[in-house]
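*Asks:* Below you will find the structure I want to go over with you.
The values are calculated or read from the model by the stated rules, or taken from the named source; none is laboratory data. Please read these numbers as outputs of a predicted model, since none were measured by experiment. Note that we place each Cβ from the backbone using ideal geometry, even for glycine, and neighbour counts take in every protein chain shown.
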């Protein structure tokens, strides 16, 4: 395995008038190629700030971000083409992350038309055939490409968002709460799809979420954040079964479990 | 006599050919808690809105909705408004849109009281503060003088619950009350709901797509699919031995704890396929 991401003492402070808010404090993370990292924490814990810095969508106040051996936090946007092509994101709410005025096919191939990304890709990449490939990847019929996002359900829209992310053949997929806006019945489909795609395409995956059960299912390692700091990290099994901090234990305790009656005991886990 | 009786409820909207709710029946006695489970578009919210008389005018409602034996359908809006907020409290999903952003939250809670009670304005304040304290808000004085945007999501949802409960309702209708919240906040809000419903001896109609959440609060469950009830019964039975393939699939997909990480999760369609194969 080779290292794909490394951050050193990463901090991000937002200024709001005279007040300053430390959204991320001294975060050092390494990510190997092929790793599946889950980042969990409550709103305001800094998990979204961290992935925005990884994706080069924001700049740290202090610290360094290295991607595939290149320091990216100081690079101007015009030199970030390689990052834009290799790192793609999937967002929480597919209702707001897909342009309602564009046809599905245009949405999916949009990353291929970006000037920055295009320079990084094989110039002869055929948009039609790539569209067909990624739509097959996410199990959507090709004739959906001529329709608009509003014609689809939440789960289908999230598939469209995933197809768009896959279009430029990225190495890293960053998913920010990919299933928390979906119904429970749809959630299973999208999680199965993500697991299959990561395995078949050899992707490196970063999943952000507040539901530890969901994140654990998708990831092999976990990072727990609280008030901008990383409070615990380790393999998914270790964090899940031997949490080291009270905060992680409280996150685990908060997972809603099916109770079979108001006073029924908690059902035993399979392990 | 039941507190609320819904019989053969059908709702359809203007142009749509397919009715949103088709022949839904259930009854709720004093202090009973009924969960309605279903995915988006299954008709669970429309059912709740129909009970409250809050459907838009384009809706055609047939069937019967009886409150303490009296028919609600066809009653004047003014009578329904008296019922709402007084005998029936409501908790909606998105606490930011359910609160008025330009009004301090204490006043918003007081407003609900003043509309339905004989209390004078100034006398309301101590009761509002006490209610905000009851829903587990520390420092209720400060919260009462805050605007919604100054509060966190969990605090806002507690304020909404305070508003729903301040008049001591007989029924509280909760529509996805914790879906917009973090898991940790969700756990505390569910505990709170359970506690205040017990303390007020109020009945509850609890709508959610999340089985685990429903099982925390309700003793009876109704599963809706495409506007119809496909299965109903006590929570304990429905979640341990569901019979309809949709319910079986739903229960299986919700049990992430029974699947090893990375393995394929069961889906609802698997259970339909099973049923067809038998």
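*Asks:* In the set B:4, B:28, B:73, B:54, which member is without any contact (Cβ under 8 Å) to a residue 40 or more places away in the chain and under 24 Å from residue B:196 (Cβ atoms)?
*Replies:* Result of the check over B:4, B:28, B:73, B:54: B:54.
*Asks:* Out of everything in the stretch B:197-232 that is over 16 Å from the mean Cα position of the chain (by Cα) and assigned to a strand (DSSP E or B), what residue ends up being nearest to the other protein chains (Cβ to nearest Cβ)?
*Replies:* The selected residue is B:225.
*Asks:* Taking the options A:166, A:98, name whichever one is touching a strand residue (DSSP E or B) at 6+ places or on another chain (Cβ under 9 Å) and at pLDDT 90 or above.
*Replies:* When all the criteria are applied, what remains is A:166.
*Asks:* Oh, and also: All but one of (1) assigned to a loop (DSSP other than H, G, I, E, B); (2) closer than 24 Å to residue A:210 by Cα; (3) more than 14 Å from every other protein chain (Cβ to nearest Cβ) hold for residue A:162, so report the exception by its number.
*Replies:* The number of the failed condition is (1).
*Asks:* Can you tell me which residues in the stretch A:1-20 are touching a strand residue (DSSP E or B) at 6+ places or on another chain (Cβ under 9 Å), part of a strand (DSSP E or B) and surrounded by fewer than 13 Cβ atoms within 10 Å (Cβ to Cβ)?
*Replies:* Across the stretch A:1-20, the qualifying residues are A:9, A:15, A:20.
*Asks:* Additional query: If you scan the stretch A:70-99, which residues turn out to be part of a helix (DSSP H, G or I) and more than 30 Å from residue A:151 (Cβ to Cβ)?
*Replies:* A:77, A:78, A:79, A:81, A:82, A:83, A:86
*Asks:* Now a separate question. Consider residue A:48 against the criteria (1) part of a helix (DSSP H, G or I); (2) away from chain B (no Cβ under 14 Å); (3) touching a residue at least 12 places away in the same chain (Cβ under 8 Å): it satisfies all of them except one. Which criterion is unmet?
*Replies:* The one condition residue A:48 does not meet is (2).
*Asks:* Still on this structure, please answer the following. Out of all the residues in the stretch A:167-180, is one or more part of a helix (DSSP H, G or I) and on the phi < 0 side of the Ramachandran plot? Walk me through how you get there before you give the answer.
*Replies:* From the stretch A:167-180, those part of a helix (DSSP H, G or I) are none; that's our starting set.
No, the conditions are met nowhere in the stretch A:167-180.
*Asks:* Looking at the stretch B:75-184, what helices (runs of 4 or more DSSP H) fall wholly within it and have at least 2 residues that are surrounded by 14 or more Cβ atoms within 10 Å (Cβ to Cβ) and touching a strand residue (DSSP E or B) at 6+ places or on another chain (Cβ under 8 Å)?
*Replies:* Where helices (runs of 4 or more DSSP H) fall fully within the stretch B:75-184 and carry at least 2 residues being surrounded by 14 or more Cβ atoms within 10 Å (Cβ to Cβ) and touching a strand residue (DSSP E or B) at 6+ places or on another chain (Cβ under 8 Å), they are B:153-165.
*Asks:* Hey, another quick one. If only one of B:22, B:66 is out of contact with any helix residue (DSSP H, G or I) (no Cβ under 8 Å at 6 or more places or on another chain) and either farther than 30 Å from residue A:182 by Cβ or in a loop (DSSP other than H, G, I, E, B) (or both), which one is it?
*Replies:* When all the criteria are applied, what remains is B:66.
*Asks:* So which residues in the stretch B:233-248 are at the interface with chain A (Cβ under 7 Å from one of its Cβ atoms) and surrounded by 19 or more Cβ atoms within 10 Å (Cβ to Cβ)?
*Replies:* Residues of the stretch B:233-248 at the interface with chain A (Cβ under 7 Å from one of its Cβ atoms): B:235-236, B:239-240.
Answer for the stretch B:233-248, where residues must be at the interface with chain A (Cβ under 7 Å from one of its Cβ atoms) and surrounded by 19 or more Cβ atoms within 10 Å (Cβ to Cβ): B:235, B:239.
*Asks:* If I filter the stretch A:29-45 down to residues being within 13 Å of residue A:230 (Cα to Cα) and in contact (Cβ under 8 Å) with a residue 40 or more places away in the chain, which single residue comes out as farthest from the other protein chains (Cβ to nearest Cβ)?
*Replies:* A:29
*Asks:* Looking at the stretch B:1-32, which of its residues are at positive phi and within 16 Å of the chain's Cα centre (by Cα)?
*Replies:* Matches in the stretch B:1-32: B:31 only.
*Asks:* Hey, any hits in the stretch A:232-252 for a residue that's in contact (Cβ under 8 Å) with a residue 12 or more places away in the chain, at positive phi and part of a loop (DSSP other than H, G, I, E, B)?
*Replies:* Among the residues of the stretch A:232-252, not one is in contact (Cβ under 8 Å) with a residue 12 or more places away in the chain, at positive phi and part of a loop (DSSP other than H, G, I, E, B), which makes the answer no.
*Asks:* When you look at residue A:23, is it assigned to a helix (DSSP H, G or I) and farther than 22 Å from residue A:219 by Cα, yes or no?
*Replies:* No: the conditions fail for residue A:23.
*Asks:* Among the residues of the stretch A:51-69, which ones are outside any strand (DSSP E or B) and either within 14 Å of another protein chain (Cβ to nearest Cβ) or farther than 30 Å from residue A:200 by Cβ (or both)?
*Replies:* Selection gives A:58, A:59, A:60, A:61.
*Asks:* Please determine, by comparing only the residues of the stretch A:195-212 that are touching a strand residue (DSSP E or B) at 6+ places or on another chain (Cβ under 7 Å) and under 14 Å from residue A:172 (Cα atoms), which one is nearest to the other protein chains (Cβ to nearest Cβ).
*Replies:* Out of the qualifying residues, it is A:198.
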